[in-house]
């Protein structure tokens with residue numbers, strides 16, 4: 001059953017976005033990418049020393065995989081920094097997609113939502129296709145949508161924690177209230193069950209990195225994450241039953257063997 | 001003159017951005033540059049004048065999440 005989705009001008013089949021950081025080696029990263037089926041890979045930019053060669057071999061390897069690249073603005077603390085870095089990313093990676101991250105707190109890496117709104121507006125007006133990394137705040141997400149952003153990426157939990165969805169109620173509300181944008185949970189995913197939960201809520205996709213890159217067998221975990229995304233999506237499309245407070249027998253009670261009418 | 005390159009004080013004897021990058025040993029095709037937090041497109045490097053105490057950020061592709 002084809003279940004493709006449109007992300008700006010690109011049609012995707014996979015609902016997993018995969019980060020490229022923290023793998024033990026480029027070869028293991030490539031195995032994980034292939035096992036995940038991810039069609040979108042995140043990257044970043046960092047200061048480069050002269051004659052270092054930097055990550056050029058790695059970047060060449062990534063290009064050969066022919067995936068859609070989604071550069072991020074990780075490390076930026078102001079809208080001004082993020083807008084400048086987005087322009088640099090567009091030239092380096094040859095894409096107008098940008099995962100807009102602006103850190104507001106060093107302890108939990110919570111995004112600065114005021115700066116995020118400012119940068120989203122500027123970049124959208126300059127033709128960038130913004131993927132806004134935010135918290136699960138409904139009002140902020142609505143404002144991001146109203147600015148023209150088509151992909152909103154609320155966190156599940158702080159980056160790298162692997163805690164899963166800390167506020168499923170708010171995420172469920174986001175999905176119920178925002179029908180006309182792509183919602184992708186980004187950050188905090190630790191297990192395939194978290195991915196399945198995201199997809200069961202009706203989210204369009206999941207972005208993860210640490211849970212795959214730092215586990216003992218990244219390719220195996222990447223495959224598990226892929227299956228979880230498919231399972232969760234199918235569950236969402238199937239129209240799951242509502243929870244009940246009382247038991248209801250699943251086996252028919254008519255004709256129950258050994259049952260006898262008793263007089264009170 | 002003294003300028004900041006990726007946060008470090010550096011002495012250069014050129015004032016044109018393209019020439020400075022060449023003097024510092026960068027491979028132009030691998031990097032992107034901002035001067036004083038303003039992006040300088042590669043097409044403008046030849047026309048970009050760097051002044052005393054200007055700050056250059058010279059970035060390359062890197063892993064990311």
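Let me know the mean shielding of B:34-41 by other chains, meaning the per-residue number of their Cβ atoms within 10 Å of its Cβ. Walk me through the intermediate numbers first.
Numbers: counts 5, 0, 1, 6, 3, 9, 3, 4.
The shielding value for this peptide is 4.
Calculate how many DSSP beta bridges within the stretch B:2-59 are antiparallel, expressed in % of all such bridges and rounded to the nearest 5.
Values: 12 of 14 bridges.
Restricted to the stretch B:2-59, the bridges split so that about 85 percent are antiparallel.
Only helical DSSP H runs with n ≥ 4 go in: add -39500 (n - 2.57) per run for chain A, normalise by residue count and round the 222 nm mean residue ellipticity to 500 deg cm²/dmol.
Numbers: 9 runs with 101 residues, N = 264.
Using -39500 (n - 2.57) per qualifying helix, the result is -11500 deg cm²/dmol.
Counting other beta carbons within 10 Å of each Cβ, put A:177, A:90 in order, fewest first. Can you show the working numbers first?
Numbers: A:177 11, A:90 21.
Final ranking by Cβ density, sparse to dense: A:177, A:90.
Give the angle, between 0 and 90 degrees and rounded to the nearest 10, that separates the Cα long axis of helix A:79-93 from the longest principal axis of the Cα atoms of chain A.
In chain A, helix A:79-93 runs at an angle near 80 degrees to the longest axis.
Relative contact order of the stretch A:148-237: what whole-number percent is it, with Cα pairs under 8 angstrom and at least 6 residues apart?
Numbers: 150 pairs, mean separation 25.9, N = 90.
Across the stretch A:148-237, relative contact order equals 29 percent.
At 0.36 nm per residue, minus the direct Cα-Cα distance, what do residue A:216 and residue A:259 gain on full extension? Give it in nm, one decimal, please. Walk me through the numbers on the way to the answer.
Details: separation 43, 0.36 × 43 = 15.48 nm, distance 5.43 nm.
Separation in residues times 0.36 nm, less the Cα-Cα distance, equals 10.1 nm.
Quick one: plug the Kirkwood hydrodynamic radius of the protein assembly as shown (C-alpha pairs) into Stokes-Einstein at 20 °C, 1.002 mPa s, and report D in µm²/s. Numbers along the way, then the final one.
On the way: Rh = 21.6 Å.
The calculation lands on 99 µm²/s.
Decide, for the stretch A:1-76, between rounded, prolate and oblate: order the square roots of the alpha carbon gyration tensor eigenvalues as a ≥ b ≥ c, take rounded if a/c falls under 1.5, and otherwise choose prolate if a/b is larger than b/c, else oblate. Intermediate values should be presented prior to the final figure.
On the way: a/c = 2.43, a/b = 1.70, b/c = 1.43.
It comes out prolate by the Cα gyration axes.
Given an 8 Å cut-off on Cα distances and at least 6 residues of separation, report the relative contact order of chain A as a percent. If you can, show how the numbers build up before the last one.
On the way: 468 pairs, mean separation 49.1, N = 264.
So the answer I get is 19 percent.
Tell me, what is the percent relative contact order of the stretch B:2-59, built from C-alpha pairs under 8 Å that lie six or more residues apart?
Working: 88 pairs, mean separation 27.5, N = 58.
With pairs under 8 Å counted, the relative contact order is 47 percent.
Name the most mobile residue of A:174, A:92, A:12, meaning the one with the largest mean-square fluctuation, in a Gaussian network model of chain A with Cα contacts below 10 Å.
A:92
Can you give the angle from 0 to 90° between the axis of helix A:168-177 and the longest principal axis of chain A, with both taken from C-alpha atoms, to the nearest 10?
The angle comes out near 80 degrees.
Picking from A:22, A:110, A:68, which is most flexible by a Gaussian network model of chain A using Cα springs under 10 Å?
Of A:22, A:110, A:68, the most mobile in the Gaussian network model is A:22.
As I understand it, the value is the acute angle between the Cα axis of helix A:218-238 and the longest principal axis of the Cα atoms of chain A; what does it come to in degrees, rounded to 10?
50 degrees
Looking only at A:198, A:83, A:139, which one moves most when chain A is put into a Gaussian network model with springs between Cα atoms under 10 Å?
A:139
In whole angstrom, how far apart do the alpha carbon centroids of the stretch A:190-247 and the stretch A:34-109 sit?
25 Å
So how do A:144, A:33 line up by other beta-carbon neighbours within 10 Å, fewest first? Please list the in-between numbers first.
Numbers: A:144 28, A:33 22.
Final ranking by Cβ density, sparse to dense: A:33, A:144.
So in the protein assembly as shown, what percent of DSSP beta bridges are antiparallel if you round to the nearest 5? Walk me through the numbers before you get to the answer.
Details: 21 of 47 bridges.
Percentage antiparallel, nearest 5: 45.
Any read-out appearing in this document is the output of simple, stated calculations on the displayed coordinates, not a laboratory observation. Remember, it's a predicted structure, so these values are computed and weren't measured experimentally. Heads up, the Cβs are rebuilt from the backbone with ideal geometry, glycines too, and the neighbour counts pull from every protein chain shown.
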